[in-house]
1. Which residue is surrounded by the fewest Cβ atoms within 10 Å (Cβ to Cβ), if the candidates are limited to the range 133-177 and must be polar (S, T, N, Q) and under 22 Å from Ala379 (Cα atoms)?
2. Which one of Pro89, Pro73, Pro77, Pro59 is assigned to a loop (DSSP other than H, G, I, E, B) and surrounded by 14 or more Cβ atoms within 10 Å (Cβ to Cβ)?
3. Consider only pairs whose beta carbons are under 8 Å apart and that are at least six residues apart or on different chains; among these, list those whose first residue lies in the range 57-75 and is in the same structural domain as Val15 (by TED's automatic domain parsing) and without any contact (Cβ under 8 Å) to a residue 60 or more places away in the chain and whose second residue is outside any strand (DSSP E or B) and surrounded by 19 or more Cβ atoms within 10 Å (Cβ to Cβ).
4. If I go through the range 86-104 residue by residue, how many of them are without any contact (Cβ under 8 Å) to a residue 60 or more places away in the chain, within 24 Å of Ala121 (Cα to Cα) and of a type outside the set (Gly, Ala, Ser)?
5. Return a yes/no flag: does the range 324-344 have any residue that is modelled with pLDDT of 90 or more and either at positive phi or in a loop (DSSP other than H, G, I, E, B) (or both).
6. May I ask you to say which residue of Asp304, Asp363 is surrounded by 17 or more Cβ atoms within 10 Å (Cβ to Cβ), modelled with pLDDT under 95 and either among the acidic types (Asp, Glu) or on the phi > 0 side of the Ramachandran plot (or both)?
7. What residue, of Asn102, Asn84, Asn91, is over 21 Å from the mean Cα position of the chain (by Cα), closer than 26 Å to Leu24 by Cα and at pLDDT 95 or above?
8. Looking at the range 273-301, which of its residues are over 27 Å from the mean Cα position of the chain (by Cα) and either part of a strand (DSSP E or B) or on the phi < 0 side of the Ramachandran plot (or both)?
Amino acid sequence: MQYAGEYNILECKLVTTSGVEFDLFNIVSDIVIFESIHDHSITGNIAFKDTTNITKVGPIIGEEKLKLKIATPQEKPTDETIINYTKNPLNIYKIATEERVNEKVLMPRLFFTSQEVYHNATTRVSRSYSDTCSNIVSKILRDEQYLRSKKKLTVEETIGLKRFVIPNMKPFKAIEMMCKQSNSKNYKSSPTYFFYETTKGFHFRSIDGLCSEDAAFAYQETVPDRLPDGTSKDPIASMQNIESYQILSPRDTIKNTASGAFCSELVRHDLFNKVVTTTNYDYNAQFNNDTHLDKFPMASASTDKYTNKTLFNHYTAKRFVTTTSSGLSHEDDAVTSGNYPYQDDNAPFILQRRASRMRFLEDAITLNITVPGNTSIQAGDVVEIDIERNSTLTEKERDKIYSGKYLITAIRHNFNQSADEPRHVINMTVVRDSVGESYYNSSIDYENKGTSETIVL
């Protein structure tokens, strides 16, 4: 590797509906690829200098396939360290307005996505399944009648035998339904599942499972990037540089309270047994039962002077109401009990806990950072980030709030081929839902003064 962000395009071919392949290797201007744990598929676009009028000769009509293979220079490349869409080509689905470079050259921009997006748009799932949620997701993804995917699928196993009748739903929608009904087998029944695609394949993972992973890479605000002779940059060290970052502050205590992030109440009516049960959820009490990136919650346990309550004690601020007709809980053994072998909606083990974790993922400490490109990095990875302190009130060089482990929730890969040195740059959104040092839990001493006067008009 000669410099940070260097990359090699190993293959870039456009296959038209007539079967003709056009090699775009020498005329590519830039390639952009998006991936996110909130999206079921990757998307992107490619621009090239059309010196031979490919758009008309092909012609390009928005139904083509794109074979693409890109890699950061490395000694032993694997499928986990490169971007490879030669075995499963991408679908071109849209053509943007052509940009004129000069009198003879136009630059079209083609938008692409995964083949599974097309299969999702053209099929519907209308059948019943009796299995665990993780197995049902795998079946829908592999089924030749539905998504027909041959890509790698990373699955975090779920517990509980479920029976679903999927009523004429799009495959991705059916998988979304599985995400909302899943409890993890390996992470204390975590109900926080996502289904998403990266450049390495599809993933069915929980937040707890993702947060338990070791850091895939480390980034620092400033890194000494000189070789021992002091004359030239060390490209390996430069890969760790944070070129720019933006701190986002989405924290909204009122919204978190109203959405059930801190606490909530579940009222459940069992129609079969004619019983109403109430379950309270406390984020602070549940914290150590979940897997987080750091040790302490992102809220204090300080009590209000007048109510003598913490943020985690206002259960009725968010009330969930559901019905059920009985069945097994996720802890029952269908074989030994001889009961009906299928799990009910399992709301006490899913609804409140999932709503809280999902809200805290939105309301987490969030950074948008720009770093040198690396084709091994993907959405869902954990990275270590070191931000320098800006305060003069402490002697610590590392910012204790913004430094630590982060989860990558979204990535934009930018491959710029038109510059003097072709360069790969990554813009990523990273979040952390916990902190390394506990917030102060002492109460705020305040007085509410006034006459309590009411004026009647």
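The values are calculated or read from the model by the stated rules, or taken from the named source; none is laboratory data. Please read all numbers here as calculations on a predicted model, not as lab measurements. All Cβ positions, glycine included, derive from the backbone under ideal geometry; neighbour counts span all protein chains shown.
1. Taking the range 133-177 as the starting set, the residues that turn out to be polar (S, T, N, Q) are 134-135, 138, 145, 149, 154, 158, 168.
Next cut, under 22 Å from Ala379 (Cα atoms) only: 134, 138, 149, 154, 158.
Working: Ser134: 20, Ser138: 18, Ser149: 21, Thr154: 13, Thr158: 28.
Looking at residues that are polar (S, T, N, Q) and under 22 Å from Ala379 (Cα atoms), I get Thr154.
2. Working: Pro89 fails: assigned to a loop (DSSP other than H, G, I, E, B); Pro73 fails: surrounded by 14 or more Cβ atoms within 10 Å (Cβ to Cβ); Pro59 fails: surrounded by 14 or more Cβ atoms within 10 Å (Cβ to Cβ).
After applying the criteria, what remains is Pro77.
3. Hits for this filter: Gly58/Glu64; Ile60/Ile54.
4. 5
5. No, the range 324-344 has no match at all.
6. Exactly one of Asp304, Asp363 is surrounded by 17 or more Cβ atoms within 10 Å (Cβ to Cβ), modelled with pLDDT under 95 and either among the acidic types (Asp, Glu) or on the phi > 0 side of the Ramachandran plot (or both), namely Asp363.
7. Asn91
8. Residues of the range 273-301 that are over 27 Å from the mean Cα position of the chain (by Cα), as a first pass: 273-280, 301.
Residues satisfying the conditions are Asn273, Val275, Val276, Thr277, Thr278, Thr279, Asn280, Ala301.
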